[in-house]
1. Once you treat every alpha carbon in the range A:135-200 as an equal point and sum by Debye, what is log10 I(q)/I(0) at q = 0.17 Å⁻¹?
2. Mean separation of Cα pairs under 8 Å and 6+ residues apart, divided by the residue count of chain B: what relative contact order is that in percent?
3. Averaging sequence separations of C-alpha pairs under 8 Å and six or more residues apart, then dividing by the length of the range A:89-316, give the relative contact order as a whole percent.
4. Work out Dmax and Rg for the protein assembly as shown from the C-alpha atoms and quote the Rg first, both in angstrom.
5. Expressed as a whole percent, how much of the Cα-Cα distance distribution for the range B:7-69 exceeds 17 Å?
6. Could you work out the pair-distance distribution P(r) of chain A from its alpha-carbon pairs, with 10 angstrom bin width and percents rounded to whole numbers?
7. So what are the ³J(HN,Hα) numbers for the range A:191-196, from phi and the Karplus equation (6.51, -1.76, 1.60; θ = phi - 60°), rounded to whole Hz, Gly and Pro as x?
8. With the dipole of chain B worked out from charges on the C-beta (+1 for Lys and Arg, -1 for Asp and Glu) around the Cα centre, which of B:PHE139, B:THR243, B:LEU33 lies farthest toward the positive end?
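Computed from the coordinates by the stated procedures, all read-outs in this text should not be read as laboratory data. Not measured: the values here are computed from a predicted model. A quick note on method: Cβ atoms are made from the backbone with ideal geometry, for glycine too, and the neighbour counts reach across all protein chains shown.
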Amino acid sequence: MSSSSYLFPRKRESNMTRSLSLKQDNPIGAKRRFNKDYVWAYLFISAPIVGFMIFGFIPLSYSVYISFTKFDGFNAPDLNGLENYRLLFQDPLIWKTTVNTFYAALGIPIGMVISLGIAIALNQKIAGINFFRTAFFLPTISSVVALTLLWKWVFNSDFGILNQLLGYAGIQGPAWLNEENWAMPAMIIQGVWGGLGFNMVLYLAALQGVPATLYEAAEMDGASKWQRFRYITVAGISPTTFFILVTAIIGALQDFVRFRIMTGGGPNFSTMTSVYYLFENAFRYMNMGFASAMAWVLGIVIMIITLINFLMSKRWVHYE
Amino acid sequence: MAVVTNSSMNRKRNKSEIMNRAVAYVFLIIGALIMTVPFLWMLSTSLKEPGLVFEMPPRWIPENIIWDNYKVVLTESDLLGGFMNTMAVTLPPTIVGLFASAIAAYAFGRMDFPGKNIFFMALLATMMIPGVVLMVPSFILYKYLGWIDSWKPLMIPGMFGAAGTVFFLRQFFKTIPSELEDAAKMDGLSPFGIFMRIVVPLSKPALATQAIFGFLGGYNDYMGPLIYLNSPEKYTLQLVLATFQDAYNAEWTLIMAGSVLALIPTVILFFFAQRYFIEGITLTGMKG
């Protein structure tokens, strides 16, 4: 180490003693240096903290106030007490869109089971793992707009590839996105297809993290294949299952973009989700007060469901 | 373990392993087909003559491969302009925001200061707020600031960093051994110098992962531009692509050509940086 590195702290130490000598003789010389580092630290964290204040905390607080007003985004907000919240419970579309949102969330367990299946298959020392992984992963990196346009074409009732393929099997496919009963199943199919890759990557990593010795020990003890799967694999990957479940539910409750492009919420509101309806209220009908009330109720529902998830997880998630 | 088992058990196990793998292959091949067929269908459609997409039964490989759809989309629509806009909107916040997040993550991960935990918890709390709650008040804030119909709402907030990135990088920085840092301190390097000269070079893969995800998020964003932009000349790529639905009503050859073009940059990025994608997702999941 060069001599300058010794010189530098010594110089600082002398500064130190000068400034502190009034109070007491401090031979350690640590305090002042730390204070200077504090300044660096506060400087370092300032951007995200300031950013959160301006773009998070202020709008968030403001939206609480807005939710108690009639506000079109242009004229001054007009306080109307709990009117927005009262209307929330009377608006039949709120109930319909809520049911739709939970209906669409049925895709979550379906997608989780399939992606776990794919991950298990990929974990069998498969040749061409990169090819398969890429195939499943492609939708994850693709833009929602391109994918939804593509699926609109796939679901096209007359010329879409899906009904063509069903036709080969002798099945007359429905008009998917144009039929009230089939539009949501179509959206679920599209959603499951698009989400497989992400979950598969997570599950694959989790499977590789389950110690092989556990399987060997269980086999020696005469555990059946199913028992090994149930008590070693499922338990071993439960933290990942939990992570996917929590993030997927939070995402599904706010799902909106693909519905807007593929169905426009139709036919007859059968695919209008909560956030889609919120968006329409805010930016189409300019009911910003009502939309804010919706957002808060939805936000609180999401937080409650997440909390319940965390509480329930103690029963079935096993950390090592 | 295998040493203890006798040969008949070994054979049995080999047999079942072969069966397992056969089942796995069948399952994966069917799965891969389901995943790729829509993409191939998109590609095939984009190379067909406009009238031929309504041909029955459909042809997978067009008789005449036509590049005209791409030519039309590139010259007549605003897709290229949208792409340039997307780059202009996405790249600066990706880079500046990553820097802001990284240096904050360094302070949270490796420095000591009063109130550290409180600030960190506050930042983490922002990750719990569902994005939907911010949709309306953000719009009002940007309107008040005069940012509507400009790129500012899409760029400036991101430059302050993101809580998720801070969290991810903090976890990573915690794994860097402290010896190097101590030596640098002895050499009189300031905390900023340590961050730039020691921490950043050691963290390139983690930073690259976050940069890629940040860029991808911006490139694929549709909701932000939809809410904040009105003038077509300011539209980002995704917004331009979404207008294809109305602009090229039922002209599926053109809509698919546009979609293929919009996917190309991310697919290229994925092929070059596959490792970072996989690692990034895996690490995100591990913290759960």
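1. -0.63
2. This gives 30 percent for chain B.
3. Computed over the range A:89-316, the figure is 28 percent.
4. Rg then Dmax for the protein assembly as shown, in Å: 27.7, 95.
5. Taking all Cα-Cα pairs of the range B:7-69, the fraction more than 17 Å apart is 59 percent.
6. It works out to 5, 17, 21, 20, 15, 12, 8, 3, 1, 0, in whole percents.
7. So the Karplus estimates, Gly and Pro as x, are x, 4, 4, x, x, 4 Hz.
8. Checked the options; the winner is B:LEU33.
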